[in-house]
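Right, one structure below, let's go through it.
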Amino acid sequence: MTEPKREIQIVNACEHNLKSLSLSIPRDQLVVFTGVSGSGKSSLAFDTIFAEGQRKYMESLSAYARQFLNQMQKPNVERIDGLPPTIAIQQRGGGHTPRSTVATTTEIYDAMRLLWARCGTPTCWHRDGDGKICGREITAMSATQITDSILDAFAGKRVMLAATVIRARKGFHKDVLEALQKQGLVRARVDGKLIDIREALKAGGENPLAIGRYELHTIEAILDRIVPAQSDRQRLAESVETVLKLGAGSALALVEDGANWKEHRFSEKLACPEHPECSLAELEPRLFSFNSPQGACAACSGLGQIQEFDAELVVANPDAGVADGAIEPWRRNGRRMNIYYGRILRAFCTFFKIERELPYSKLPPRIRRYLMDGIPEEDAEKLGVKFEGVLPNLRRRYLESESEFVKERLVHYMRGAACPACQGQRLRPESLAVKVLGGKKQMSIADASNLNVGRAIEYFKNLTLSTNQKQIAQPILKEIESRLGFLYSVGLDYLTLDRASGTLSGGEAQRIRLATQVGSGLVGVCYVLDEPTIGLHQRDNDRLVKTLRKLTDIGNSVIVVEHDEDTIRAADFVVDIGPGPGRHGGKIVAHGTPAEVAAHATSLTGMYLRGARCVEVPRARRKVSEAKSIVVKGARENNLKNIDVAFPLGGLICVSGVSGSGKSSLVNEVLLKVAQKTVHGSKVAAGAHDRVTGLAGIERVVEVDQSPIGRTPRSNPATYTGIFDDIRKLFAAVAESRVRGYEPGRFSFNVKGGRCEVCQGQGVRKIEMHFLPDIFVSCEACNGTRYAKETLDIRFKNKTIAEVLDMTIDDAVVFFEAHSRIHAMLMCVRDVGLGYMQLGQASTTLSGGEAQRIKLATELGNRSTNSALYVLDEPTTGLHFDDVRKLLEVLNRLADAGHTLIVIEHNLDVIKCADWIIDLGPEGGDRGGEVLATGTPETVAQNSASATGIYLRRMLDQNHSVMDSKLPEKKTIRKTGKSKAKSSQSPPAQSVTKKISKRAQTKSL
């Protein structure tokens, strides 16, 4: 009997722009889907293969179970055979909840909680007046264990057994002495001094001990004096039991040490003998969870942060006068409140004899502290005046106000600060006091969570445990180390375990989920991944590929949507979808091994793989220098090592470095936020730094990221670029519109009037199905056009408004050729490679790369002559080799116009085309944050300490060799006796082309 072929067969897939696509994909192999942006890769991988796998699983459940699940609609495909269960690991953020961290997402924290509960050593967390923590080890001992301990340690020495009856309490405590005397006790120790109870009470009076009433006193009752020996074990055991009973579970052994008595404390509870209030019932995992009331810090509820008013946000302009607008929230109220606060500030200035117009920045430090924090009580008594302070006033108003409007306005002046109770560690003091010894250092679970993955692996490998603890910890440590190893293997060794999931990039969050799936050990599953190399340096690609190989080696199928050349070449099977984007795509251009795709004549991907096409290095770079630049001084946000960095103006500046080296901290957290605050007056708080100079010539700051251009289907390229307003005006100017009195608003599908009211301008209606997934049907009233019939009666150049929105950008360029403003913007959109897109395409259906290029096109179309600073974070995400080339053309146009572009990037094609490179490293996390190299790509490529430089040198050498191969060979000029050069004709163009093609293919293979 022949074994059936192990493959996934897709027949007639028509989802989105797929054109009746049929394909067979080998199972249990690494398969890469590639092609230009918008060609249909995600439609095939996620919207067809993954969606059908999920739907088939849902159908296997009972009808009762399905009603509690979100039903999935069947994708537009005839059938898919041989499809195993599917799991999608998509490129999305790490979650918005502040309680989610890297450790909790990967379930490492669950194992850590169990380890600290079973093998941790509790210590006392009591703080004295100076803030010093006791730190004494807390152990629970039975009366028998205490007896044995005293016999073993103090045999032959004089010992007094005492019970603490008063601990650090005020008063004369005469009643305590009388109670001890009634119990037959003779001696006691008061504040470390031995007394005779009978003699003390003979003196009579209210204060027989002659001690201060309002001072703290400690009294210990002496129950027995003994020289421990085995012959007296019974007496010692009875005395210990009596001491424990009188001392509420704690006992004190005073051992003679010369002229002094040395203290040794014992407890039968899990409590500190010296500070019995520091006690634990039992160590259990929930004690170490910041999501549980038993473990979470009471002050911040386990968040590690509290919202506090920030003086930098309150004083937006430090150069403004104290009583002349410096305190922004005190001048943005109602008229009566503004008058009230104005009087207060004028009175403050009068009292301290300062001018009202004196800039806030020039206030003496003491006066500034009084203004912001208020005058302390002791100073108020001396000065004879009270002043609440700006920050306490805002805090009180925020807590007492019942107006949501007031609270919403005040929250803009607040910033998250570390919780003062737990110092940002999220847990209760008793939870943080449980330690586990690793190497030579004892760590709490919060300390261990603060380690990056690389250091955590070392810590858990070097734990110091007893024999019993090793046996208990073995399965726990195996789980922790394996999951840490998977994080390391996908290039995330620089992440700390307590890093909030919401701060992760899409690529980092996806690789964390990938590491979690690798750790699960599932077999026979089809994993679908969306560009896992995003945010990963070229150096770490091999580690990621090895991780993907682990999944295939144990019997899983892995389908990856990817543009990275290394990943494509490492695949077992490559599918190139195209040939173009949008309606020009949706077909299989080539499929097979990487070598077969590279050799395919018409495959655009193949042309780049074999070297027939490439992103060329610019022949001349713009002249930029650090002399004219934006300079960041003393940047120390996150892992930055107090660095000074110059960003030259007027060119394409690329910030590179390995993952986690501090690129985003430097550019997004420091430079961008300072620029936004300086240029636009935004209230964002910048990361830690000394100062930023050189922003005087910048008139606009533009952040171009891959976030959606709109959050609802009503937003589209026409509305975002602003041309829809002009289009609606054209329709309103038509003669029929003027006759009917139609205004431009009539042609909007967002407002009542011209839209179809049956579907509210959506074009579709949602039909709820009881046990089946909800379906969307075209609105029967407007047939999906979104507009009322009367609105569609108006035609411009024989087109309705709905037909115009259905046009592609390419068609619209011709249609609006006579209207310069609309035509110019459409040309910009087409120039960034989006000619296939429809004017009215919903923004929610656009990829991150498409959204980013829409934003760039809008900037190009604005034709602003003002000097602008553009900040882009990995703009090549989701872009094919050819799309990267188009993106660079757009970036160069902006740079040629005199603007400054700062790009965070790993893509070597972008890095090699930059005018200036700033390379950070040398590693990620706490081993990064330093400037390794700056200069032109050629300069950085010569730096052997830079990982980027090493790969860049190879790229530049390869590019130069390809460029040389494309140049016609120079003819040798041979001199004759008369010094004349013999001329020879050039070879035919056809033979030169063949020679170049052959040379490029040979080099590639």
Using R₀ = 41 Å, calculate the FRET efficiency as 1/(1 + (r/R₀)^6) where r is the Cβ-Cβ separation of Asp566 and Asp811; round to 0.05.
0.60
What whole number of Å gives the distance from the Cα centroid of the stretch 805-822 to the Cα centroid of the stretch 186-265?
97
When the accessible area of the stretch 580-648 is computed with all protein chains present and a 1.4 Å probe, what percentage of it is carbon and sulfur?
51
With the radius of gyration and the Kirkwood radius both derived from the Cα set of the stretch 493-587, what is their ratio Rg to Rh?
1.00
Which shape class, rounded, prolate or oblate, goes with the stretch 520-647 when its Cα gyration tensor gives a ≥ b ≥ c as root eigenvalues, a/c under 1.5 marks rounded, and past that a/b bigger than b/c marks prolate?
oblate
Rounded to a whole number, the Stokes-Einstein D of the stretch 345-399 in µm²/s (Kirkwood radius over Cα pairs; 37 °C; 0.692 mPa s) is 278
Apply the Debye scattering formula to the stretch 673-804, with a single equal point scatterer on each alpha-carbon and no solvent, then give log10 I(q)/I(0) at q = 0.11, 0.19, 0.20 Å⁻¹.
-0.61, -1.05, -1.12
Unit charges at the beta carbon, dipole of the stretch 406-526: most positive-side option, Gln474, Phe486, Pro420:
Pro420
Lys, Arg +1 and Asp, Glu -1 on Cβ, resulting dipole of the stretch 564-666 about Cα centre, debye, nearest 20
600
Projected-area average for the stretch 656-723 over all orientations - Cα convex hull basis, square nanometres:
7.1
Counting other Cβ atoms within 10 Å, which trypsin sites (Lys or Arg not before Pro) in the stretch 93-200 have at most 11 and lie in a DSSP loop?
Lys132
Farthest toward the dipole's positive end in the chain, which of Val597, Gly651, Tyr459, given Cβ charges of +1 (Lys, Arg) and -1 (Asp, Glu) about the Cα centre?
Gly651
Pairwise label distance in nanometres, Asn317 with Glu206, each label 7 Å out on the Cα-Cβ vector:
6.5
Let me check I've understood the local charge: for Arg636, count other residues with C-beta under 13 angstrom from its C-beta, Lys and Arg +1, Asp and Glu -1. What total comes out?
-3
At a 1.4 Å probe, what is the % contribution of carbon and sulfur to the accessible area of the stretch 522-562?
53
For the stretch 370-476, averaging the sequence separation of alpha carbon pairs under 8 Å that lie six or more residues apart and dividing by its residue count, the contact order in percent is 14
Write down the accessible area per residue of the chain in Å², having rolled a 1.4 Å probe over the full set of protein chains.
48
Using 0.36 nm times the number of residues separating Asn783 and Asp81, minus their current alpha carbon distance, what extension gain do you get?
249.2 nm
Say the dipole of the stretch 503-590 comes from +1 at the beta carbon of Lys and Arg and -1 at that of Asp and Glu; which of Val574, Ile534, Ile554 then lies farthest toward its positive end?
Ile554
Charges at C-beta only: +1 for Lys and Arg, -1 for Asp and Glu. How large is the resulting dipole of the stretch 833-908 about its Cα centre, in Debye rounded to 20?
240
At q = 0.10, 0.16, 0.19 Å⁻¹, what base-10 log of I(q)/I(0) does the Debye formula yield for the stretch 304-437 when every alpha carbon is treated as an equal point scatterer in vacuo?
-0.41, -0.88, -1.14
Cα gyration tensor shape for the stretch 734-884, rounded if a/c is under 1.5, else prolate or oblate
oblate
Subtracting the Cα-Cα distance from 0.36 nm times the residue separation, let me have the gained length for Ala168 to Thr121 in nm, one decimal.
14.3 nm
Ordered by packing density, taken as the mean number of other Cβ atoms within 10 Å over each peptide's residues, highest first, how do 446-457, 910-921 rank?
910-921, 446-457
Helix 989-1004 versus the longest principal axis of the chain: what angle, 0 to 90°, nearest 10, using Cα atoms?
20
Considering only the chain, what is the antiparallel percent among its DSSP beta bridges, to the nearest 5?
70
Here the relative contact order (percent) of the chain, from C-alpha pairs under 8 Å and at least 6 apart, is 14
Using the C-alpha gyration tensor of the stretch 250-384, what are the square roots of 5 times its eigenvalues, in whole angstrom, with the largest one first?
53, 24, 12
In debye to the nearest 20, the charge dipole size for the stretch 704-771, taken about the Cα centre with +1 at each Lys and Arg Cβ and -1 at each Asp and Glu Cβ, equals 200
Mean Cβ-within-10 Å packing, highest first, puts peptides 227-240, 551-564 in the order 551-564, 227-240
Mind checking the log10 I(q)/I(0) for the chain at q = 0.10 Å⁻¹? Debye, one equal scatterer per Cα, no solvent, two decimals.
-1.37
Of 262-271, 397-406, ordering from highest average Cβ density within 10 Å down gives 262-271, 397-406
Give me the percent of the accessible area of the stretch 815-903 that comes from carbon and sulfur atoms, probe 1.4 Å, all protein chains in place.
42
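The values are calculated or read from the model by the stated rules, or taken from the named source; none is laboratory data. This is a predicted model, so every value here is computed, not measured. Glycine also receives a Cβ, built like all others from the backbone with ideal geometry; neighbour counts cover every protein chain displayed. Ligands, DNA and RNA are stripped out before the accessible areas are found, and what is left, the full protein with its side chains, is counted by its heavy atoms. Shrake-Rupley method; radii C 1.70, N 1.55, O 1.52, S 1.80 Å.
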